[in-house]
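Take this structure, written in structure tokens, and hold onto it; I'll ask about it next.
Each value in this text was obtained by applying a stated rule to the coordinates, not by laboratory testing. All of these numbers come straight from a predicted model, not from anything done at the bench. Quick reminder, even Gly has a Cβ in these numbers, built from the backbone with ideal geometry, and neighbours come from all protein chains shown.
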Amino acid sequence: VEKTLAAIKPDAMEEHRDEIMERIQGAGFTISQIKETHLNQEMAEEFYKEHRGKPFFDELVKYMCRGPCLMMILSKENAVQEWRSLMGPTDPTEAHTSSPDSLRSLFAKSVLQNAVHGSSNEKHAMEKINFIFGDIELE
Ligand code: ATP
Ligand code: MG
């Protein structure tokens, strides 16, 4: 079954962790692995290396290092896309109109502080899973 990497970002950890977990389980995902990770600057830069050079890169790295994230491997058929759709669009103002029940519509504060992360494709999912959880065996 397909797997993806999901994260609850630091601000949402403080305020919405339990509700986000409930919604993940309610949507039929299996949480295959879970751990709290406080990223340092170097790790956050690697985690979001695809965005290096973009105008928001520095504030993104700083935001991700602000406190611990909850890192999860989610399993479900079509997990990558299913998790992206449960998260909703990057920008909450867009989420409010296009997917009002999505996690970002409900919990994001801004386009930067948008509560959750999800891999954008299967290749990234494998890379980020290995980066966060090490080269664990996945069935
Ligand atoms: P993620 O990769 O965290 O799941 P995403 O795939 O929806 O989010 P990306 O384009 O990959 O969006 O951007 C990565 C993260 O960078 C966003 O989740 C958000 O925290 C931040 N970000 C994206 N665009 C902007 C922006 N224009 N201004 C500020 N921060 C931004
Ligand atoms: Mg992304």
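What strands (runs of 3 or more DSSP E) completely inside segment 1-99 contain at least 2 residues that are within 11 Å of ligand 1 (Cβ to nearest atom)? Give the steps one after another, and end with the answer.
Numbers: elements: 3-8, 30-37, 69-75.
Where strands (runs of 3 or more DSSP E) fall fully within segment 1-99 and carry at least 2 residues being within 11 Å of ligand 1 (Cβ to nearest atom), they are 3-8.
Next question. Quick one: count up the residues across segment 22-42 that are in contact (Cβ under 8 Å) with a residue 40 or more places away in the chain and of a type in the set (A, V, I, L, M).
We begin by selecting, within segment 22-42, every residue in contact (Cβ under 8 Å) with a residue 40 or more places away in the chain; these are 23-24, 27-33, 35, 37.
So of that shortlist, the ones also of a type in the set (A, V, I, L, M) come out as 24, 27, 31.
Of the residues in segment 22-42, 3 are in contact (Cβ under 8 Å) with a residue 40 or more places away in the chain and of a type in the set (A, V, I, L, M).
Further, regarding this structure: So which of F131, F107 ends up being touching a His at 6+ places or on another chain (Cβ under 8 Å) and within 14 Å of ligand 1 (Cβ to nearest atom)? Even if it seems obvious, please write down each step before you answer.
Numbers: F131 fails: touching a His at 6+ places or on another chain (Cβ under 8 Å).
When all the criteria are applied, what remains is F107.
Same structure again: Among the numbered criteria (1) crowded, with 16+ Cβ neighbours inside 10 Å; (2) more than 15 Å from ligand 2 (Cβ to nearest atom), which one does E19 miss?
With (1) crowded, with 16+ Cβ neighbours inside 10 Å; (2) more than 15 Å from ligand 2 (Cβ to nearest atom) applied to E19, the lone miss is (1).
Give the residues of segment 9-44 that are more than 20 Å from N78 (Cα to Cα) and β-branched (V, I, T), sorted by residue number.
First, pick out the residues of segment 9-44 that are more than 20 Å from N78 (Cα to Cα): 9-19, 35-44.
Within segment 9-44, just T37 meets the criteria.
Hey, another quick one. Can you find, within segment 95-111, the residue that is surrounded by the most Cβ atoms within 10 Å (Cβ to Cβ) among those that are in contact (Cβ under 8 Å) with a residue 12 or more places away in the chain and among the hydroxyl-bearing types (S, T, Y)?
Only one residue tops the list, namely S102.
Let me ask you something else. Applying the selection to segment 1-56, what residues are closer than 23 Å to L112 by Cβ and of a type in the set (V, I, T)?
Matches in segment 1-56: T4, I8, I20, I24, T37.
Looking at (1) in contact (Cβ under 8 Å) with a residue 40 or more places away in the chain; (2) loosely packed, with under 14 Cβ neighbours inside 10 Å; (3) out of contact with any Asp or Glu (no Cβ under 7 Å at 6 or more places or on another chain); (4) not β-branched (V, I, T), find the lone condition where K128 falls short.
(2)
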